[in-house]
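Read through the structure below, which is laid out as structure tokens, and then see the notes.
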Amino acid sequence: MTVLNVPISHSVVQTNHLNMWKRKAKGIDLLKHPLKSKKYRSTDLGRKILGSAISIMPQASHNVLQSVTPLVIGVLCADNNIPVKFGSIVLLTPTRKTYRSIIADMATSVIQSHQVPS
């Protein structure tokens, strides 16, 4: 492949590399968007994962869960060089009320999955 008259300020990039960079940029944008939010937004999968984590440590109080979650998110961001304002992470974590709701959902799910057919 020969490219003529490309200014020094430009680079020639193969289409497959450009598409790969676009996919990566989109993934980073999808990750950063919720981090800029000022409110916790759950998904069904997220609630199930939190419910599983809570079931591993049933003795943990809602206060402990609310304190530990932002630290875990902060570690994830720090270890992956994701720039984030650590003070804002607290706003992105579930409240005590949300944790109670997740626990109730998990209990209901367990009970429903163990019903005896009539």
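Before moving on, here are some points about what is shown:
- Single residue of the range 26-46 satisfying the filter (open to solvent by 90 Å² or more (accessible area, probe 1.4 Å) and farther than 24 Å from Ile102 by Cβ) that is farthest from the chain's Cα centre (by Cα): Lys26
- Of all residues in the range 68-81, those satisfying the criterion of being among the hydrophobic types (A, V, I, L, M, F, W, C) and open to solvent by 50 Å² or more (accessible area, probe 1.4 Å) are Val68, Leu71, Val72, Val75, Leu76, Ala78.
- Residue that is farthest from Lys85 (Cα to Cα), among those in the range 47-56 that are crowded, with 16+ Cβ neighbours inside 10 Å and among the aliphatic types (A, V, I, L, M): Ile54
- Hits in the range 37-56 (condition: touching a residue at least 40 places away in the same chain (Cβ under 8 Å) and either under 16 Å from Leu91 (Cα atoms) or among the aromatic types (Phe, Trp, Tyr) (or both)): Ser37, Lys38, Lys39, Tyr40, Ser42
Residues are listed down the side, and each one gets a yes or a no for (1) assigned to a helix (DSSP H, G or I); (2) surrounded by 12 or more Cβ atoms within 10 Å (Cβ to Cβ); (3) in contact (Cβ under 8 Å) with a residue 12 or more places away in the chain:
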site: Val13; (1), (2), (3): no, no, no
site: Lys24; (1), (2), (3): yes, no, no
site: Pro58; (1), (2), (3): no, no, no
site: Gln66; (1), (2), (3): yes, yes, yes
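- For Ser101, the conditions (1) farther than 18 Å from Lys38 by Cα; (2) buried (at least 17 other Cβ atoms within 10 Å of the Cβ) are fulfilled apart from (2).
The values are calculated or read from the model by the stated rules, or taken from the named source; none is laboratory data. For clarity, every value in this text was computed on a predicted model and none was experimentally measured. Counting neighbours? That spans all protein chains shown, and the Cβs are built from the backbone with ideal geometry, glycine included. Heavy atoms of the whole protein, side chains included, go into the accessibility calculation; ligands, DNA and RNA do not. Shrake-Rupley method; radii C 1.70, N 1.55, O 1.52, S 1.80 Å.
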